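A short worksheet on the structure shown next.
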Amino acid sequence: MTFQKPGYLFIFLLIIVLFSCEKDVTNIKLPEFIQKLVISSFISPSDTVSYINISSNRRIYGELGVDEQVGKLTAFLSDNTREVSLDTSKSGFVFRPKDMLIEEGKEFKLRVLGDKGFSVFASCIIPEKMDFFLEADTFSIPVDYYWSSDRRRIDVRLTIHDIQGKDNYYRILGKGVGYYSDPYTHESHKGDNIIRFENEFFSDKGVDGKEIIQESNHGLNYFFDHDSAFLVFYLYNTDKSYYQYHKSLNEYNGGDNPFEEVSPIFSNVTGGLGVFAAYTVDSLVLRLK
Amino acid sequence: MNMKEGNKEEWHGEGGIGIISSRVTVEGPLKKGKSSILLSGRRTYADLILRPVLATMSEENTGYYFYDFNAKINYDFGRKNKLYLSGYFGKDRFYMKYKTDYMKENIGFQWGNATGTLRWNHLFTNKVFSNTSVIFSNYTFGIYDKYKVIEENKDYYAEYYSGIRDLSLKYDIDFLPNPAHRIKVGALTIYHRFNPHAYVEEDYPRDIHTKDVRFTNGLESGIYTEDTWQPVQVLKINGGIRLSHFIATKNQYNFFEPRLSAAWRLKNDFAIKGSYASMNQYIHMISNTGISLPTDLWVPTTDRIKPQQSKQIAFGVVKNFTKPNLSFSMEGYYKTMDHVIGYKEGASFLLLDEPSSATNLNWEDNVTAGQAWSYGIEFLLQKKEGRLNGWIGYTLSWTQMQFDSINFGKKYYAKYDRRHDISVVSTYKLTKSIILSGTWVYGTGNAVTLATSEYYPNEHNPEGSYFRYPGYFHNAVNDFGEKNSYRMGAYHRLDIGIQFHKKKKWGERIWEISIYNVYNRKNPFLYHTQTNTIDNKEYGSLVQVSLFPIIPSISYTFKF
């Protein structure tokens with residue numbers, strides 16, 4: 001080999017570089033696709049009907065869009081004293097208090113079996129319904145939104161009195177509801193608007209037994225010209241799985257962002273994915289006008 | 001690590017010119033017999049040579065370059081006093097450029113180090129001497145992304161970097177009271193200025209101009225004493241204690257760090273050795289665990305982040321053979337580490353606010369502390385003399401971590417858990433003027449978190465669609481299985497070379513032909529997922545990006 005003609009070497013190098021940068025991974029074993037049932041069910045004593053939604057995961061390597069049927073499934077719910085077989089619904093299973101009464105402080109176990117070999121299990125304990133002495137303060141803030149007829153918005157501060165000595169997990173939701181009559185047709189109409197809080201899901205970690213204040217500064221500006229309006233706040237006292245699952249959904253990063261650490265979705269389903277969780281509800285209604 | 005001193009008597013030089021890199025070293029007296037200077041520098045430039053042609057042939061252009069520069073001056077004030085001044089500056093940069101008719105993007109990362117050391121060596125008596133050093137170092141690591149949408153004239157630039165700047169003062173005394181003892185006493189203080197993250201973002205159409213640079217300071221100090229005691233010819237014991245101290249902003253940390261090691265020669269050709277050490281580290285390395293851009297950052301101990309503590313025991317044997325002339329050693333170790341840190345799940349090391357919070361959080365809110373365990377056994381077979389020399393090394397090891405808030409509290413393998421690590425290094429003197437060399441390395445792939453499937457999650461939606469709002473409706477999410485349960489492909493590579501030495505009137509010249517990565521192993525650098533459509537069917541795949549293919553090179557080296 002002579003080196004008087006560096007051009008040949010250069011072209012050789014070039015070819016190598018071009019074909020070495022990127023390739024499909026074939027030198028290692030890709031993860032085997034294991035079909036799993038995905039459960040989502042949130043049960044509460046206040047519900048007149050409870051659903052257990054069931055779907056399936058799907059492959060992300062190899063041919064996509066191949067229909068992965070889960071086959072025939074059966075589900076059983078137990079309160080540790082008796083077990084009932086659940087009725088099927090469009091997206092899974094359904095039960096009512098007459099089938100199984102959901103009671104505070106009780107543990108419920110869910111089993112789902114399938115003729116294709118699926119066997120998943122999950123359990124949850126219904127939080128006790130407690131009085132958190134919900135208080136709400138509203139603030140009328142001047143704004144210059146061009147769409148606001150009244151040039152005002154309403155901000156909300158919600159106070160929760162946490163119960164000491166218990167790990168509490170919360171979710172808050174709110175909505176504004178207003179009624180008005182059309183000045184021309186005199187027909188009665190209902191309008192509504194959501195109230196979003198800065199922290200929708202939170203726990204009493206570090207503030208056990210203390211007042212917890214959550215604020216919504218997004219503003220309601222919709223009801224000033226209504227005949228009557230209400231604000232409704234729902235405080236969900238949830239089990240830990242409910243909190244972890246929703247928190248993980250909010251914080252999810254599937255690896256698409258190279259600058260973020262991957263975050264998985266929480267699951268308490270043995271042998272599957274998803275969540276079987278519980279909650280009780282406290283609420284507060286404020287009349288605005 | 002000490003840098004070679006320049007020649008005080010006459011000027012010498014050494015240079016190498018190759019097709020992918022060049023280097024040069026010059027040394028000589030500043031004042032004959034008293035003072036010398038040594039200058040050296042290196043630069044790789046394969047990326048520069050290939051860039052113009054690659055740009056015409058591919059939408060994607062990947063490159064890497066490295067350069068460094070060394071300098072050392074020493075002055076001999078007589079038998080008792082010597083002064084050394086040295087400096088180092090080096091930088092590595094990796095980049096990927098992508099261009100289409102619609103857009104162009106330049107993304108990459110770089111890291112570099114600059115150091116300067118002033119050392120005074122003083123001889124009190126023949127049995128006592130000291131070294132006083134002032135050391136400056138500055139390490140930086142950065143990631144950048146420059147994106148331009150050509151037709152829409154959109155310009156985006158983001159840069160993230162972190163770094164550590166240290167100023168150290170060090171004083172060591174060596175005392176040799178008798179042949180059986182070598183006593184060392186010393187003190188060290190380091191002023192750390194950490195830049196855990198700096199974020200710069202420029203987005204012209206959206207008028208975003210962010211420059212968020214944060215600094216944290218820390219003062220680390222330590223005093224130590226140790227004695228290497230050889231009571232009998234066959235036994236050597238080293239015992240020492242170090243008092244370590246660190247001041248964060250408000251909190252202070254104090255630790256005693258005992259250490260003991262012993263080597264006992266049972267036979268002329270056989271020895272056993274053992275050691276115990278307790279250590280504290282005030283700088284933490286934090287690594288991401290995904291399959292994408294590998295990023296290791298160094299962050300400081302603070303009022304909230306405690307120092308990393310470790311305890312290690314090791315035991316080993318050494319056996320020498322005369323025919324053939326070989327040395328074999330084996331050492332097992334077990335190490336526990338407390339207060340190691342890791343990214344919380346979902347944490348971003350670029351945008352440091354926690355996704356679920358609207359409050360201003362700093363990087364400390366994005367990390368969590370836990371424990372780690374590392375254990376293994378190392379084997380080394382070495383041949384130091386003869387025409388054929390080199391070594392074969394093998395390490396079998398495990399490293400696991402546990403954090404209460406990561407992986408739902410379960411233990412998992414660290415990213416750099418390397419079950420097998422092998423290195424074979426050898427040179428063979430074919431003739432007086434021809435030397436062959438070869439190196440083969442193998443390492444188990446990194447443990448990473450990889451999506452195994454995807455599914456659509458349902459959130460609790462108590463008021464029906466009423467409570468949904470944009471961004472809250474989830475698309476498909478990935479199922480990752482256990483954290484770090486997937487192994488990237490193993491890293492292995494063979495390099496070979498042949499050197500032709502020839503004496504010349506002016507010195508020596510060496511022609512060297514070498515091949516890096518002889519069998520063109522495509523070692524994994526990062527992975528990403530991709531979907532392709534073939535015959536109206538979609539296929540998902542995992543795509544590997546590799547950095548360095550086979551690289552033949554030739555270089556000419558001269559020494560005078």
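The values are calculated or read from the model by the stated rules, or taken from the named source; none is laboratory data. In this text, all values refer to a predicted model and were calculated from it rather than measured experimentally. Here the Cβ is made from the backbone with ideal geometry for all residues, glycine too, and neighbour counts use every protein chain on show.
Structure above, values below:
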| item | result |
| --- | --- |
| Search result, residues across segment B:232-253 that are of a type in the set (A, V, I, L, M, F, W, C) and assigned to a loop (DSSP other than H, G, I, E, B) | B:VAL234, B:ALA248 |
| Any hit, segment B:268-285, residues being more than 14 Å from every other protein chain (Cβ to nearest Cβ), outside any strand (DSSP E or B) and crowded, with 19+ Cβ neighbours inside 10 Å | yes |
| The lone exception for A:SER148 - which of (1) at pLDDT below 85; (2) surrounded by 15 or more Cβ atoms within 10 Å (Cβ to Cβ); (3) part of a strand (DSSP E or B) it fails | (3) |
| Segment A:205-221 residues that are of a type in the set (Lys, Arg), paired with ones that are modelled with pLDDT of 75 or more and buried (at least 16 other Cβ atoms within 10 Å of the Cβ) (beta carbon under 7 Å, 6 or more apart) | A:LYS210/A:ASP162 |
| Filter pass, A:ILE212 being at pLDDT below 85, of a type in the set (A, V, I, L, M) and surrounded by 17 or more Cβ atoms within 10 Å (Cβ to Cβ) | no |
| Residues of segment B:535-553 classified as more than 7 Å from chain A (Cβ to nearest Cβ) and either more than 30 Å from B:GLY16 (Cβ to Cβ) or out of contact with any strand residue (DSSP E or B) (no Cβ under 8 Å at 6 or more places or on another chain) (or both), total | 2 |
| Yes/no for B:HIS501 being under 21 Å from the mean Cα position of the chain (by Cα), more than 10 Å from chain A (Cβ to nearest Cβ) and farther than 30 Å from A:PRO264 by Cβ | no |
| Flag if B:LYS483 is within 11 Å of another protein chain (Cβ to nearest Cβ) and closer than 30 Å to B:ILE20 by Cα | no |
| Residue satisfying all of: in segment B:255-277; polar (S, T, N, Q) and at pLDDT 95 or above; farthest from B:ASP338 (Cα to Cα) among these | B:SER261 |
| Any hit, segment B:501-512, residues being outside any loop (DSSP other than H, G, I, E, B) and at positive phi | yes |
| Checking B:VAL134 against (1) more than 14 Å from chain A (Cβ to nearest Cβ); (2) over 20 Å from B:SER221 (Cα atoms); (3) surrounded by fewer than 16 Cβ atoms within 10 Å (Cβ to Cβ), the condition it does not meet | (2) |
| Conditions (1) closer than 30 Å to A:TYR243 by Cα; (2) surrounded by fewer than 18 Cβ atoms within 10 Å (Cβ to Cβ); (3) away from chain A (no Cβ under 14 Å): number failed by B:TYR413 | (2) |
